[in-house]
Amino acid sequence: MRGDAVSLLPVYLAAGTAVLVFLCDLVFARVAVTVGAGVLGAAATAVGAALTRRGKAFCDDTACSWVFDRPATLVAVAMAVITAVVLLLSVPTLRLGEIPAGEYAFLLTASMTGGVALGGARDLIALIVALETLTLPLYVLVGLRRKSVESAQASVTFLLTSVIATAVTLLGAALVYAATGEVRLSALTTALDVSGPARPLAGAGLVLLIAGLAFKVAVVPAHAWAPSTYDGAPLPVAAYLSTASKLGGIFALLYVVVGAGPAWYHVTGPALGVLAGLTLLAGSLVALRQRRMVRLLAWSSIAQAGFLLAPLAALGHAAPADLVTATVAYTVIYLIVELGAFAGVISLRPAGADGGDLAEYAGIGRSAPLRSAALAFAVVGLAGLPPALAGLFAKVFVLRALVDARAWAMVAVVAVAAVVGLAVYLRALLPLYRSGTAAAPRAVLGSVVLGVLTLAAVVAGFAPQVIFSLARP
Amino acid sequence: MSALLIGLLVVPLLGAVAGFVLGGRAGRIAATVAAALTLAAVVPLAFDRGAGMWHEVDAAWLPDLGIRFHLGVDGVSYPLVVLTALLTLLCCAYTLWRPAGEGPDTARLSALLLAIEVGLMGVFTGLDLIVFFIAFEVVLLPMYAVIAGWGGPDRQRAARKFALYTLSGSVLLLIGVLGIGLRAGSFDIVTLTQHPTLTRGTQIALFAVVAVAFAVKAPLWPLHTWLPDAHTEAPTVGSVILAGVLLKMGTYGLIRVGLGVLPEGARAVAPVLGVLAVAAIIIGSLVCLAQSELKRLIAYSSVGHMGFVLLGIAAGATSGGLAHSTGVQAALLGNVAHGVITGLLFFLAGAIKDRTHTGWLDDLGGLRESSPAMAGVLGFAALASLGLPGLAGFWGEAFAVVASVQLGHGWIALGAIAAVGGALTAAYLLRLLRRVAHGPATSAVTGIAAVSRAERWAWAPLVLLALLLGVVPALVSEVAAHSLQADEIEAVTR
């Protein structure tokens, strides 16, 4: 191996966190210590990732399998922060004792390790291994609500669809390798530009790769697992699924699509465009009919995945860097408000409860005004309306990229989905302020996390340029 | 000086936070002080004017998308800025001295009024389309809360209707704003006004979109049905702000964004706008003639009066060139006059309803006997509202008709019908006076409390302004004409 071993530090930190959590649970067997170790480890990973200097590892003369660059830093920091937030939100649930805290925290931090590794992985094998490391622990985490049948069902659905998706991804990678003899992304750009009999093989491989990865992002038609899985899983795990899992999937897709290079934009662009369009329409329309809070959030997060992918539809018609920037900027803002929405739901529900029906929230706006306001703020942010400016700017980023690329069909679809989305989010919002008797439990930790996330969303709204610069490749 | 512009947003915001946090009497005092400081910050803006925009703040906000934090005030917006600051102060002071007995803590009501003021100031000073849109939206939630929290018995339904109507308007506005900004490559209203780049077809499509959004707010018939409900249920101060300045966001938007940025589109759509405006005048007046509830009557009269303003805008759009257009001048005058007079009328309606606990004209009557002062002010406000020459209401409505007739052809008919509507206005307002002020005193009216000091202080500035604008309409029209001309000269010379 040649390269800079120090650039692997964030992965070591993440893996070390998982081990530390495991040991803490063995030695102390106390929720506070286990979760505390996990949160501290995740924080250390985030700080470590932010400070680690750029570098490459596992290189030969032409390419590297590990590149710790700007996007890799972004992914690593985001994964660690999400994990810390989810761990903190899980404390009330873990205190009930129904879910084993040690296993829970270990699995979550193990998943974080996969996420951190994904950011820097620059060959197909490393990428798929990292993505599987991110996903594998989630099968168990989803099924951890022991007494719940829904939880077990959710876990099985998730496992089955995920395994198929992985198989498809691997088949795609194998075909690409067969056609080019190359798995490293930076070398793929030239290697994939083949002609002759290898070309259809490479094309098929690429399409299969995209299809398999689309599953992680819960893109139509590989979306059906998401609503039942989110609703059956413990709430913090659903929050993790809708943020970390999506973040991993979207970056894997970006790496593959950009790695495949301009020679294939005429295939990857329209393919992603069709996926994004279907996802936007199906996600927002079906979300309109949901009666349960988490299912509504799940369908809306499917629609959000459409917004994430939408700029990539214009690949080949605009500078790829601009399109990728729009996608990444939208992703970052989405992560903040989506986590905020889940934090709001978690802090308003009794410990260990699921998201419940929308009707169960009637009157909660009066009994817990601040938390309801924060949840409302996050939901408005998802809709993309003021006063949650971050969401508005996120949508402007996407539209701007598409308008610059003159992708008018996509602009129309995005606009329609955004308008339908308003009705969706109004559906989630109105029950909070209807008259009713719902009461919220005390949730000090949850409220603090919610407050910090809301503050982050406010700051992102007033200084969107910061996020835009972060998103620049 | 330009720092004052930012102060217009920051001071009420701080006041709103202070009102919320302190609560009770201290919160109400803090809110009133903030409102007073805002008005104090507005006054110096009239001096030391630059050409074109009097004062400007222009800072990069999101350079990658060309979105700037651009605020400015000129003759078109300044009268509305003053009106906003004045009415908010009056409402806060009114709430301070006359806290409504029921409902949640009235310090929160004051805080919400200040939050609305932040949005209004943003709309009237925003010179970047995104800033303008955001400010437009900021107003929605606090106003919803004001109606839903302190309103009458049917407040929930009225508040929901208000929210749904304005929200659908907002979606259209967002589409229009993004359409303009992304097609033209700039979100800056001044740049877009001076260097129009959009083709005629694009302008027509975009104007149609934003015009509907503004028409909901203004409100233009047939999109007005949220207004009577909202006014009937809203608390007194809510109605004053709603009629006094909130509706003006629609007409101001039509002038600044519609006529300014999309002149070709406005010209093409103007006849439709004109017909609808005249329909609003006639229908509003006819409904008023049959109306038997005090606040509902005043609300419907707003539909008619705003119809005159919109007629002025439509005529102005057709004559082209903002500067010499009688129509736009009339619209700006009518805007401010309506804000002053209807604000006063709603204060009076609130005072009457507070005392008699009824708004039905059948139960009122003989106010002149039991409270001559109140009846006198009501008479004054009604005369101002019906457009008696010498009072504020006259100029806007008369010149909207004149501007329309000047255009010839079908516009003459529109002007004539609008004039008939003006006569109907006189009829229903005199009917209102006869029913409320004259006749034998009813049981509800007898023995009511005299006009309190808070009320006198709240009404006096509005009465004076109605008189002042009636005698010296140039206060509004001159400054506006100057700014409009400067804009045009700059556009031509570049």
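Laboratory data are not the source of any read-out in this text; all were calculated from the coordinates shown. These numbers were taken from a predicted model, which means no experiment stands behind them. No Cβ is skipped: glycine too gets one built from the backbone with ideal geometry, and neighbour counts run over all protein chains shown.
Rounded to the nearest Hz, the phi-derived 3J(HN,Hα) couplings of segment B:186-197 under the Karplus curve 6.51 cos²θ - 1.76 cosθ + 1.60 (θ = phi - 60°) are 8, 9, 7, 5, 5, 4, 5, 5, 7, 10, x, 10, where x marks glycine and proline. Sequentially through segment A:329-335, phi angles give Karplus couplings (6.51, -1.76, 1.60; θ = phi - 60°) of 4, 4, 4, 4, 5, 4, 4 Hz, Gly and Pro residues having no value and appearing as x. Going by a ≥ b ≥ c, the root eigenvalues of the Cα gyration tensor, does the protein assembly as shown fall in the rounded group (a/c under 1.5), the prolate group (a/b larger than b/c) or the oblate group? Prolate.
Rounded to the nearest 500, the 222 nm mean residue ellipticity of chain A from helices alone is -24500 deg cm²/dmol, with -39,500 (n - 2.57) taken per DSSP H run of at least 4 residues.
Would you calculate a helix-derived [θ] at 222 nm for chain B, using -39,500 (n - 2.57) for each DSSP H run of n ≥ 4 and dividing by the full residue count, to the nearest 500? Here the helix-only value at 222 nm equals -24500 deg cm²/dmol. Rank A:Leu278, A:Gly365, A:Trp299 by how far each Cα sits towards the positive end of the charge dipole of segment A:265-391 (+1 on Lys, Arg Cβ; -1 on Asp, Glu Cβ) and give me just the farthest. Of A:Leu278, A:Gly365, A:Trp299, it is A:Gly365. Cβ distances below 4.7 Å define possible disulfide partners, and in the protein assembly as shown the cysteines left without one are A:Cys24, B:Cys91, B:Cys92, B:Cys288. Extension gain, B:Leu286 to B:Arg157: 0.36 nm times the residue separation minus the Cα-Cα distance gives 43.9 nm.
Take the alpha carbon gyration tensor of segment A:261-473, find the square roots of its eigenvalues, order them as a ≥ b ≥ c, and report rounded if a/c is under 1.5; if not, report prolate when a/b exceeds b/c, else oblate. Prolate. Between A:Ser195 and A:Ala423, full extension at 0.36 nm per residue minus the direct alpha carbon distance yields a gain of 77.2 nm. Distance from the alpha carbon centroid of segment B:190-233 to that of segment B:260-294 works out to 12 angstrom. Projecting the Cα atoms of A:Trp66, A:Leu315, A:Pro227 onto the charge dipole of chain A (Cβ charges, centred on the Cα centre) puts A:Pro227 farthest toward the positive pole. The H on the amide N of A:Phe68, modeled in the peptide plane, is under 5 Å from the matching H of A:Gly55, A:Lys56, A:Ala57, each at least 5 residues off or on a different chain.
The charge dipole of segment B:2-493, taken about its Cα centre with unit charges on the Cβ atoms of Lys, Arg (+1), Asp and Glu (-1) only, comes to about 1040 debye.
Exposure proxy for B:Leu289, A:Leu385, A:Leu136: other Cβ atoms within 10 Å of each Cβ, ordered fewest to most, give B:Leu289, A:Leu136, A:Leu385.
In this Cβ point-charge picture (+1 for Lys and Arg, -1 for Asp and Glu), the protein assembly as shown has a dipole of about 1340 debye about its Cα centre. Shielding value for A:412-424 is 2, the average number of Cβ atoms from other chains within 10 Å of each residue's Cβ. Angle of helix B:106-125 to the longest C-alpha principal axis of chain B, folded into 0 to 90 degrees and rounded to 10: 30°.
Between helix B:200-217 and chain B there is an angle of about 20 degrees, using the helix long axis and the longest principal axis of the Cα atoms. Considering only alpha-carbon pairs that sit under 8 angstrom and 6 or more positions apart, the relative contact order computed for segment B:2-493 is 15 percent. Projection of the Cα convex hull of chain B, averaged over all directions and equal to a quarter of that hull's surface, yields 20.4 nm². Partner shielding of B:49-62 amounts to 1, given as the average count of beta-carbon atoms from other chains within 10 Å of each residue beta-carbon. Which whole-angstrom value gives the distance between the alpha carbon centres of segment A:431-458 and segment B:125-177? First find each Cα centre; the distance between them is then 23 Å.
Please report the relative contact order for segment A:261-473, taking Cα pairs under 8 Å with a sequence separation of at least 6, and give it as a percent rounded to a whole number. Relative contact order comes out at 29 percent. Here the residues B:Arg296, A:Arg199, ranked from fewest to most Cβ neighbours within 10 Å of their Cβ, fall in the order A:Arg199, B:Arg296.
Each peptide among B:69-82, B:269-282 gets the average number of other Cβ atoms lying within 10 Å of its residues, and from highest to lowest they stand as B:69-82, B:269-282. With θ taken as phi - 60° and the Karplus curve 6.51 cos²θ - 1.76 cosθ + 1.60 applied, the whole-hertz 3J(HN,Hα) list for segment B:405-418 is 5, 4, 6, x, 6, x, 5, 4, 4, 4, x, 5, 5, 4 Hz, x standing for glycine and proline.
For chain A, averaging the sequence separation of C-alpha pairs within contact (under 8 Å, six or more residues apart) and dividing by the residue count gives a relative contact order of 13 percent.
Gain on full extension, evaluated as 0.36 nm per residue between A:Leu96 and A:Leu26 minus their Cα-Cα distance, stands at 23.3 nm. Among the residues of A:385-396, the average count of other protein chain beta-carbon atoms within 10 Å of the residue beta-carbon is 5. Write down the percent of antiparallel bridges among all DSSP beta bridges whose residues are both part of the protein assembly as shown, to the nearest 5. Percent antiparallel among DSSP bridges in the protein assembly as shown is about 95. Close amide H partners of A:His223, meaning residues 5 or more places away or on another chain with modelled amide H under 5 Å apart, do not exist here.
Look at where the Cα atoms of segment A:322-339 and of segment A:171-220 average out, and the two centres are 25 Å apart.
Quick one: helix A:70-95 against the long Cα principal axis of chain A, what's the angle to the nearest 10°, folded into 0 to 90? It is inclined by approximately 30 degrees.
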